[in-house]
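So the structure is just underneath, and the comments pick up after that.
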């Protein structure tokens, strides 16, 4: 006789029908009602092909393009990297690195040369077989002095990338980098078809992903993107929906209303104040995931008064972090300590190594005086797309800073175009980062000298030297010491206030089937939700 656990397993795999499951359950003394509920639960956990999935995403804008080099935020990360295209490597639902288009890889003894072997027979949406030349051109798209790619900083060490036959790619770096296979999973480094004569075809949106665009009308920047299931997708048990309609809905209230009325199946970035209401809705699952996501308030260190580190320190002491966690994150957060390395990173500094910075108006006033100031007036530019509750967070900061003699005016900016017109354009803004799987990745992309996303334009010679040394240091103890020192430098000197780490928050219709394990490296199941979820 098959036991109940085995019966549930077979039902979940679609190998046992309702009648047989009911017979086994009733014979084991389970009531008919409970047996029916158990079968329905098992059935819901069985991935099925079909259905039209509609999700509301944040972080879109009218300036969005299909160029992977220009990806800035959630909408295009999810569409480009999670639906249309693949990378050499990816972070799995267990948050571990695994091969995607690359079947295997190997580094040299000094980690300065990396060789990747591609899977055989993988096809782009147009029927062309993915080759080493496609990988070479896709990486070269982000390289060179003239590139405008946001990935320039993380692959700056790549001196050459060459094809060795049709299925092997060799990267030569300027120095050792033990994390290079992780970097290959970055959402900018999607593999696109190579063009004859060089370059890549990014304009069409053609990739090797689980979904494809059928025509130009499917992509409306700042509005929506509709993708269709790739019938020849190379991954097994992935890409179940017939279509995925991605809607850019900036307003959390509008997203919430659309979910509750059934217009959409999923939303992220909940309004923390309405999350309890959604939790009480039996048709919706509220799901937080915890990783390295953090709120950031970058100051342009090239612009007065932020050129003076005493001003930067005054502001870091003038923010009440606990109040922000309590009132903005509403329990879906934890204190930040003015460095970007999060709880999911291996080499995060402990509280003993870098004590938590507290709200302290006396210390804020002390640093203002050191800067030759008795008071200070600033404008902080924010929009709700910067992070959940950004405007409310700005008001709280204004109130706490006022007690230290700092007058912060909150300038609410338009949602559309915030990332292209405000972020890295105005001297004091709000934003967030999803974090990165490795310390080098986070530091290289956002804090190193000359990095395209160095949002505070911070320059610190000691930090930049340590970044290079740590990258090629293969002794884990020495490497950790360097990363802790770099976190201390950020804490003490950099132009970014990091008041809190926050959960990725999602609300999902129970019409959607979810895997047992959800990735937390990014929101929306590591931005692979369209590939990993299904209609229940």
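The values are calculated or read from the model by the stated rules, or taken from the named source; none is laboratory data. The shown structure was predicted, so the numbers you read here are calculated from the model rather than taken from an experiment. Cβ sites come from the backbone with ideal geometry, for glycine too, and all protein chains shown count toward neighbours.
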So which residues in segment 138-157 are in contact with a strand residue (DSSP E or B) (Cβ under 6 Å, 6 or more places away or on another chain) and either without any contact (Cβ under 8 Å) to a residue 12 or more places away in the chain or not in a loop (DSSP other than H, G, I, E, B) (or both)?
138, 139
Residue 357 is checked against (1) over 21 Å from residue 398 (Cα atoms); (2) surrounded by 17 or more Cβ atoms within 10 Å (Cβ to Cβ) and fails just one. What number does that condition carry?
(1)
Test: residue 332 is closer than 18 Å to residue 446 by Cβ and either touching a residue at least 60 places away in the same chain (Cβ under 8 Å) or within 25 Å of the chain's Cα centre (by Cα) (or both):
no
So which residues in segment 227-253 are outside any loop (DSSP other than H, G, I, E, B) and touching a helix residue (DSSP H, G or I) at 6+ places or on another chain (Cβ under 6 Å)?
227, 244, 246, 248
Do we have any residue at all in segment 279-300 that's in a helix (DSSP H, G or I), under 26 Å from residue 510 (Cα atoms) and at pLDDT below 95?
yes
Is one or more of the residues making up segment 474-487 crowded, with 19+ Cβ neighbours inside 10 Å, touching a helix residue (DSSP H, G or I) at 6+ places or on another chain (Cβ under 6 Å), closer than 24 Å to residue 433 by Cβ and modelled with pLDDT under 95?
yes
Residue check, residue 148 more than 26 Å from the chain's Cα centre (by Cα) and surrounded by fewer than 18 Cβ atoms within 10 Å (Cβ to Cβ):
no
Please specify each residue of segment 103-120 satisfying the condition of being more than 19 Å from residue 183 (Cβ to Cβ) and touching a strand residue (DSSP E or B) at 6+ places or on another chain (Cβ under 7 Å).
119
Single residue of 507, 530 found to be under 22 Å from the mean Cα position of the chain (by Cα) and assigned to a strand (DSSP E or B):
507
Going by the structure shown, is residue 187 assigned to a loop (DSSP other than H, G, I, E, B) and out of contact with any helix residue (DSSP H, G or I) (no Cβ under 7 Å at 6 or more places or on another chain)?
no
Answer yes or no as to whether residue 480 is closer than 21 Å to residue 292 by Cβ and out of contact with any strand residue (DSSP E or B) (no Cβ under 6 Å at 6 or more places or on another chain).
yes
Given the conditions (1) touching a helix residue (DSSP H, G or I) at 6+ places or on another chain (Cβ under 8 Å); (2) at pLDDT 95 or above; (3) buried (at least 19 other Cβ atoms within 10 Å of the Cβ); (4) under 28 Å from residue 428 (Cα atoms), and given that residue 272 satisfies all but one, which numbered condition is not satisfied?
(2)
May I ask you to say which residue of 459, 415, 399 is without any contact (Cβ under 8 Å) to a residue 12 or more places away in the chain and surrounded by fewer than 22 Cβ atoms within 10 Å (Cβ to Cβ)?
399
In this structure, is residue 175 free of Cβ contacts under 8 Å to residues at least 24 places away in the same chain and either in contact with a helix residue (DSSP H, G or I) (Cβ under 7 Å, 6 or more places away or on another chain) or assigned to a loop (DSSP other than H, G, I, E, B) (or both)?
no
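With the condition being more than 24 Å from residue 205 (Cβ to Cβ), I'd like the strands (runs of 3 or more DSSP E) fully within segment 60-118 carrying at least 3 qualifying residues.
So the answer is 102-107, 113-118.
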Would you confirm whether any residue within segment 152-161 is more than 28 Å from residue 525 (Cα to Cα), surrounded by 17 or more Cβ atoms within 10 Å (Cβ to Cβ) and at pLDDT 95 or above?
yes
